[in-house]
Amino acid sequence: MCLTLCVYVCVREIVIVFRARSVSQVPVAEGKSVQQTVEMLNRKLEQLGAVKQGNFCVDCETYHAGAIGNPGQPPKFLYVMHNSEAPLSCFALFENGPCLVADPNFDVLMIKLKSYFQNAKSNKVESRGARYQYCDFLVKVGTATMASSARGITVEVEYCPCVTANDCWNLLMEFMQSFLPSHVPGVPSVFGVKTDGVYSPSDTMAQYLELFSKLRKQQAATGSGMR
Amino acid sequence: MEAPPVTAMPVTGGSIHMMEYLLQGSVLDQALESLLHRLRGLCDNMEPESFVDHEMVFLLKGQQGSPFILRARHSLDRPAVPWHLRYLGQPEVGDKSRHALVRNCVDVSASHSLHDFLLEMGFRMDHEFVAKGHIFRKGALKVVVFKLFRILLPGNTENTEPLSLSYLVELSVLAPAGQDTVSDDMRNFAEQLKPLVHLDKIDPKRLM
């Protein structure tokens, strides 16, 4: 489960915020399918008192830098991601490299660049699910799919009032324990890299990217009844 | 904290068929004030908006013949404003009677990590310059009067010298493809600026 710690600096009215979030992966429950595990998590959240507020979607497309670069160097992968929480933005990242936040026209630019960056369409990963609000927390439980097959479950927990990632990690962990007793993750790696400690939306996307990369590499989620 | 007012699908894609219609001209430094005065009268804004921008032109060399060009621009006097990335296609060859230069244009607003990101993509900076001037608007028409400055030390935007003793004047409109009345409106506007400045369709290839 990735906890995205998002911290927002301002009053509630301001919509554009940086919030501390953790994004992580939850293993599928023993003997259950992905869908059943997701439903179980949703029910637990509702029992806690969380209120469902719409849906969310995070997706990630892979572009392969084919025709450029020095020969002998490993090929580069460019990831273009979208997050329904930031509908007018497009995120472009290199793994362990710089992250660009741009407007949706960046997708159009990637079409223009198609002879330099090829879109590996079969590698597209998406996580979709319900969005829950519980007091100052936002929880998103999603089913991650690749090529129409479910690969795993992502849970994003956001603590809205705090922007300094390291300050609220303990609180996030405690909250996660209330509905994910055995799968609380470790501190996300993006927190360690922060110089000023202020969290931003690109940190969330970096966490999702790390998670999606892991899901791409592992086999389709195991568990009886898994489709 | 309600969900953003969108459907479950994030907004993806933009407009692939936006075209830039362009007319260019120039005026000597001495003629600048009269031109600004005329533009103040003809255009929408009461006071011209001034700007100081730093533009870097990046090239991506591939296996094909001509490199892919991207222009990254950011404001020096408003540093918090996002960077602007622009792709300009080849000028459309077509109707000779069309009054303006027409080319495909893709504009992207981007975060301040744009420069490093382009380098990571494989782009290399070809040249850079500083542009200082004024911007006017009349409906969809945009008129920019600016002076180009050469950067003497790479990356140092404080140390610049003017490239010429004149100001470049550009009249442009961004419109979806196929709207040919745009160039007629531009020509009519350009007529009103004569004889202070003559705005013409300049074919970039002829300058090479």
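Would you list, by chain and number, the lysines whose Cα falls below 17 Å from the Cα of B:Lys205, excluding same-chain residues fewer than 8 positions away?
Those lysines meeting the cut-off are B:Lys96.
Distance check, please: which entries in A:Lys52/A:Lys121; A:Lys124/B:Lys61; A:Lys121/A:Lys214 exceed 22 angstrom between their Cα atoms?
Numbers: A:Lys52/A:Lys121 32 Å; A:Lys124/B:Lys61 27 Å; A:Lys121/A:Lys214 18 Å.
Over 22 Å Cα-Cα: A:Lys52/A:Lys121; A:Lys124/B:Lys61.
Give the interface area between chains B and A as buried accessible surface, both sides summed, probe 1.4 Å, in Å² to the nearest 100. Walk me through the numbers before you get to the answer.
Values: alone 13000 and 11590 Å², together 21100 Å².
Rounded to the nearest hundred, the buried surface is 3500 Å².
For a quick check, take a GNM of chain B with Cα springs below 10 Å and name the residue from B:Gln192, B:Gln24, B:Gln64 with the largest mean-square fluctuation.
Maximum among the listed residues: B:Gln64.
What are the lysines whose alpha-carbon lies under 21 Å from the alpha-carbon of B:Lys132, with same-chain residues fewer than 8 places away excluded?
The reachable lysines, counting only those whose Cα sits under 21 Å from B:Lys132, are B:Lys142, B:Lys147.
How big is the dipole moment of chain B about its Cα centre under a simple scheme where the beta carbon of each Lys and Arg is +1, that of each Asp and Glu is -1, and everything else is neutral? Debye, nearest 20, please.
Details: 22 positive and 26 negative charges, 95 e Å.
Magnitude of the dipole: close to 460 debye.
With the other protein chains left in place, how much accessible area per residue, in square angstrom, belongs to the range B:97-208 at a 1.4 angstrom probe? Each step should come with its number before you reach the end.
Values: 5800 Å² over 112 residues.
Accessible area per residue, the range B:97-208: 52 Å².
Can you find, among B:Leu70, B:Phe58, B:Ile202, the residue farthest towards the positive end of the dipole of chain B? Put +1 on the C-beta of Lys and Arg, -1 on that of Asp and Glu.
Toward the positive end, the furthest listed residue is B:Ile202.
Mind checking which of B:Val130, B:Val81, B:Val169 has the largest fluctuation in a GNM of chain B, springs on alpha carbons under 10 Å?
B:Val81
The values are calculated or read from the model by the stated rules, or taken from the named source; none is laboratory data. All values derive from a computational prediction rather than experimental measurement. Every residue, glycine among them, receives a Cβ derived from its backbone with ideal geometry; neighbour counts consider all protein chains shown. In case anyone asks, the SASA skips ligands and DNA or RNA and just uses the protein heavy atoms, side chains included. Shrake-Rupley method; radii C 1.70, N 1.55, O 1.52, S 1.80 Å.
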